[in-house]
1. How would you rank A:T461, A:T223, A:T525, going from fewest to most other Cβ atoms within 10 Å of each one's own Cβ?
2. Note the per residue figure in Å³ for the convex hull of the C-alpha positions in chain A.
3. For all pairs of alpha-carbon atoms in region A:444-578, what percent lies in each bin of width 10 Å, listed from the first bin to the last filled one?
4. Can you run phi through the Karplus equation (6.51, -1.76, 1.60; θ = phi - 60°) for region A:416-430 and list ³J(HN,Hα) in whole Hz, with x for Gly and Pro?
5. Compute the angle between helix A:100-120 and the longest alpha-carbon principal axis of chain A, please, reported from 0 to 90 degrees and rounded to the nearest 10.
6. Rank-order A:527-538, A:485-496, A:359-370 by packing density, defined as the average count of other C-beta atoms within 10 Å over each peptide's residues, highest first.
7. How crowded by other chains is A:269-281, given as the mean number of beta carbons from other chains within 10 Å of each beta carbon?
8. Mind listing the phi-derived Karplus ³J(HN,Hα) values for region A:321-335, rounded to whole Hz, using 6.51, -1.76 and 1.60 with θ = phi - 60°, and x for any glycine or proline?
Amino acid sequence: MPIDVPLMPVDLPPFLIFMVGAALVPLVRGWLRYALLLAIPVVGAVNLLGLEVGLHYQLTLFGYTLTPHRVDRMSLLFGYIFHIAAFIGNLYALHLKRDDWDTVQHVAAVGYAGAALGAVFAGDLITLFVFWELLALTSVFLIWARRTPESVAAGFRYLVIHVVSGVILFAGALIRAHQTGSVEFGFIGLDGISGLLIFLAFGIKCAFPFLHNWLTDSYPEGTATGTVFLSAFTTKVAVYGLARAFPGTEILIYIGAVMACFPIFYAVIENDLRRVLGYSMINQIGFMVCGIGIGTELAVNGAVAHAFNDVLFKGLLFMTMGAVLLRTGKTKGSELGGLYKTMPVTTILCMVGAASISAFPLFNGFVSKSLVMSAALEEGYPTVWLALLFASAGVFHHAGIKIPFFAFFAHDSGIRTKEPPANMMAAMVIGALLCVGIGTFPQFLYARLPFEVDYWPYDTTHVLTQLQLLFWGAGAFTSLKLTGLYPPELPSVNLDAEWSYRWLAPRLIRRVGGAVAYVDIRVRTSFLNFTEALLFRAYQGSGPQGVLARTWPTGSMLLWVAVLLAVILLFYYAGPGV
Amino acid sequence: MSDERNRNPGPDGRPGHGEVGETPGTSSSSRSGDGGAHGAEPERSERQYLFDKPRNVKILLWTYFAVAVALVLADLFVHRHVEHPWEHLFGFYGLYGYVGSVFLVLSAKELRRVLMKPEGFYDDAD
């Protein structure tokens, strides 16, 4: 069936290496497992660097052309970062060897990375759908592996929402195939029901407002190492999908601006620091979505570059919080503090991640976020630009200051612990080096963006204004803290859109179910009463004592027969024939 | 880099907070000095850490204030090429950053009245 034979037989689809690797992981133990986990992304990267641009391994199914392996600049960029993320993540999780659940985590993580790679190299919607669902099915084990009641429940909610997103994507793909005769995964746009369905499916995975709570619900419940993987792949695949199918869709600009702004309010009052990072993640995706909505080459470059960088700095931040979780068993701001005393290296690495996400000059967030900001101004969206500027100050506030401050400084919690194991430390150091490296030498990233870049972030104006914004944003924190106005970290739950399905829906179902049950029992009881009465009547008539069922003595029967015969005789003789 | 980031710990290291010579704990070694680049204080035997000394916190805060003020004053000397009219304003970015952040924190604090529920709020619904 293949109609396009690849040039090199070694030109493998990247997902294949990971899927085969995932199958091999449980077969080996000890050092072999370590070697295998690290070798998978390395072998993948060697293969990736040799990939030929083009459409490969095409085949025809039910008259539709499937393209499971499409290589171009956009898919390659996400391919690079997913390989980097898989390597860092596997290194970070290398020490897991306690029980079978740790093996499950290794397998799930490698398979998850493979699914993400399959999705970004998918050239058609059907292949995309398959990997879309695989993303959910593999990653949910990284949540369940925590094995707390909360993580099991959160994992199920996560799974349901993502499977639904996949089903919506599939429905959109089928309608589109029917209407256009093609399942190609290219520009789609919002025209027609199929476009809307695919947009919604992407929106769920991308954590659009009101569809975002699966992220803040499940990521804090994942294992210390699992959440690092979770933060790298799912949402970035969705961003990739939007950049592919909906660039220049204006509504995305406003969705992105809302995404950049509203989560920071939650992040300020949220106590669980990994949930703070979850909200901060939505905030960062907002910048990407906004860039895709603007849709110019500069803006889309900015969006995908920011996705690339977000994998690094958000991964680094989740890794430092994972280290805190591993060593202290806590991630709540109200229970932590003073850890810099015994985890100084982790503290510094966390601050590197914080500086990167806050877009300090020389850190990688700066070189990608500014592309989007500049595009917003250039294309005439000053209000959106102001919103993004506010969000930039806000992200510094909640991710840049709050995360390191409440975990490592603040009031001394009295916890004395130690640095995480060497493999986790090494993974964090690599992440931090990449953050600084890309921030300092952005040309290496710019050279790999989908469109040619004619932009340089390091000019006096830009550096100065960014530093002013950040320093005075920090001034707000300092002054509010010194005056005691800063809201304290409190053990709490903050209501969000999830209230609708975690609080309202169960109660509604209980209410409605209760009402239905009440009506049901009344109807059935009265029917039963009716039939019982009916039966009683029938019983009275034809029961053992009833008139109809009485046993008559033989004598009276004979008498009656004789009477009947006599009547017949009477009629006979009195008849007209006589 | 550490100049910019290290001011974070400042405010909470106020006197009265960092108990000197607290529980010896199980801490591994005397590496506490790593926490900051400037004003790093060599550690004592009673395990006093970097920001346990109010003096260090003060140094940090004052360094931060100096840099912040210098950054705004730089507006006087640097010619900025700008796109948006507001950007022309003296100290616009600093002001926007400060006001925006104060607004963010105080309104989030108010939002707690509506949004905050006790932990385990969803548990009985599940």
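1. A:T525, A:T461, A:T223
2. On the way: hull volume 167.9 nm³, N = 578.
Spelled out: Cα convex hull of chain A, divided by residues, is 290 Å³.
3. 8, 10, 10, 11, 11, 8, 7, 7, 6, 6, 4, 5, 6, 2, 0
4. In residue order, the calculated couplings are 10, 9, 9, 5, x, x, 4, 5, 5, 4, 4, 4, 5, 5, 4 Hz.
5. Once rounded, the angle reads 80 degrees.
6. Values: A:527-538: 10.4, A:485-496: 17.5, A:359-370: 25.8.
Result, highest mean first: A:359-370, A:485-496, A:527-538.
7. Values: counts 8, 1, 2, 1, 0, 0, 0, 0, 0, 0, 0, 0, 0.
Whole-number average of other-chain Cβ neighbours for A:269-281 is 1.
8. Listing the rounded values in order: 5, x, 5, 5, 4, 4, 7, 10, x, 10, 9, 8, x, 5, 9 Hz.
None of the figures in this text is laboratory data; all of them are computed from the coordinates on show. Note that this is a predicted model, so its numbers are computed, not measured. So basically every Cβ, Gly included, is an ideal-geometry build from the backbone, and we count neighbours across all protein chains shown.
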